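These notes concern the structure reproduced below.
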Amino acid sequence: MAVPVEPFDPSRRTGNPRLSKNPFLGRVQEEGGGESTLDSEGRPFKMLVFRGSPKTSVRMVDKMLRKDQNRNEVVKEFQSLPKGSERVLYAPNLLKDFYLNLIDWGPDNILATALGNTVYLYDAGKNEVQILTEVDHEDDYPTSVAWSSDGLTLAIGFNNSMIEIWDPKTSRLVRSIEAHSSRVGSLSWKHQILTSGSHDTSIINHDVRAYRAAYVLKGHSGEVCGLKWSESKGLLASGGNDNLVHEVGWLIECIKIWNAQTGQCNASIDSEAQVCGLEWNRHRKEILSGHGYGRNNLCLRKYPSMSKIGELTGHLDRILNLSQSPDGSKVVSLGADETLRIWKVFEPPCRASCGMEEERLGRLSFETMHIR
């Protein structure tokens with residue numbers, strides 16, 4: 001059920017964003033809860049009390065620490081997947097096209113989503129929605145969105161082959177780029193370079209500081225439907241409708257992991273369903289896949305064994321796109337059932353907390369050795 005939106009005035013396209021407490025969408029569902037720390041009689045649990053000689057206490061403490069450490073190591077091997085999505089956002093007027101890239105979760109926790117002729121910005125922290133731009137031509141609509149790495153710029157590809165660069169904070173159109181001859185279905189940033197892939201089979205690198213294309217890449221014979229720059233190295237991965245993957249990527253109903261340096265296939269598995277998207281866990285060696293016809297679910301696997309950890313269900317139709325939150329703990333899936341579902345599927349980074357815990361345990365063990 002869509003939220004009523006006032007008629008769009010083209011003259012207001014570059015300013016005055018409209019906010020709504022309800023995401024595009026109409027309704028938000030959240031699931032969650034906490035665990036009790038009380039005993040069977042409703043009283044708080046007490047700390048253990050040691051009795052006996054100090055040396056006995058030392059041995060008991062060290063034994064408990066070793067046992068607790070072993071227990072933690074075992075627990076790390078098992079991951080508890082959520083029973084359902086953390087939040088559901090309704091997405092009417094969705095273009096159910098497998099080859100488009102209609103969502104991107106930016107570094108400032110803003111989810112850009114293209115629905116019909118409109119691009120929305122959803123603030124996941126404030127639970128607010130802003131309309132960034134609307135297209136007033138019947139035969140044109142946004143076909144891809146991509147945030148820059150600093151979160152200050154949003155690139156939008158369109159069905160009419162145009163690319164627009166927007167400043168979301170001011171809702172201002174910075175510039176338009178005309179380089180392709182057909183729709184732009186994929187975008188990816190590398191610093192000041194914006195790479196676009198099109199139905200015209202070309203890949204073009206644009207230096208947004210200049211007003212001309214940096215260079216054109218030719219390699220696909222079908223529509224370029226996926227682009228991704230590596231974060232650390234100057235490698236670009238591209239996927240096309242010609243069933244070719246350059247550098248690294250995925251194929252329909254088969255997931256393959258490639259070494260981009262050597263061209264060697266490191267892992268391969270038959271997913272038994274259409275593969276619609278992949279997201280790496282930034283904190284552990286895991287990969288999440290979104291699936292279409294035959295499954296309509298998400299599947300989490302270990303790498304490099306590719307053994308299945310578990311599945312996430314909830315979509316009633318195939319999954320079209322995946323995007324990961326800035327902290328790497330959540331993934332949003334866009335489904336052809338006109339819903340966006342947010343999943344807390346990846347464990348958040350624990351360097352600080354783990355480091356503090358290791359320091360605490362080490363200090364406790366050191367101090368107990370000096371008990372007399």
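The values are calculated or read from the model by the stated rules, or taken from the named source; none is laboratory data. Since the model is a prediction, treat every value here as computed from it, not as a measurement. Virtual Cβ from ideal backbone geometry, glycine too; neighbours counted across all protein chains shown. Keep in mind that these areas ignore ligands, DNA and RNA; they rest on the heavy atoms of the full protein, side chains included. Shrake-Rupley method; radii C 1.70, N 1.55, O 1.52, S 1.80 Å.
Things to note:
- Put Thr143, Thr313 in order of accessible area, highest first, and with a 1.4 Å probe you get Thr313, Thr143.
- Global geometry of segment 274-345, whether rounded, prolate or oblate, following the gyration tensor of its Cα atoms and the 1.5 cut on a/c: oblate
- Accessible area per residue for segment 120-177 is 39 Å², calculated with a 1.4 Å probe on protein heavy atoms, without ligands, DNA or RNA.
- Note on surface exposure: Thr195, Thr201 rank Thr201, Thr195 by accessible area, highest first, 1.4 Å probe.
- Ser149/Lys96 FRET efficiency (R0 22 Å; Cβ-Cβ; nearest 0.05): 0.15
- Counted residue by residue at 0.36 nm each, then reduced by the alpha carbon distance between them, the extension gain from Ala260 to Gln192 reaches 22.2 nm.
- Fully extending the segment from Glu138 to Tyr303, taken as 0.36 nm per residue of separation minus the present Cα-Cα distance, adds 54.9 nm.
- Apportionment of accessible area to carbon and sulfur, segment 111-171, percent (1.4 Å): 43 percent
- For the residue pairs Lys96/Lys126; Lys308/Lys330; Lys218/Lys302; Lys169/Lys190; Lys190/Lys308, the C-alpha atoms sit more than 24 angstrom apart in Lys96/Lys126; Lys218/Lys302; Lys190/Lys308.
- Segment 197-305 - percent of accessible surface contributed by carbon and sulfur, probe 1.4 Å: 50 percent
- Solvent-accessible surface (1.4 angstrom probe) belonging to Lys233, in square angstrom, nearest 10: 110 Å²
- Remark: the Leu173-Lys83 segment gains 28.3 nm on full extension, using 0.36 nm per residue and subtracting the alpha carbon distance.
- Residues in segment 229-322 average 50 Å² of solvent-accessible surface per residue, probe 1.4 Å, ligands and nucleic acids excluded.
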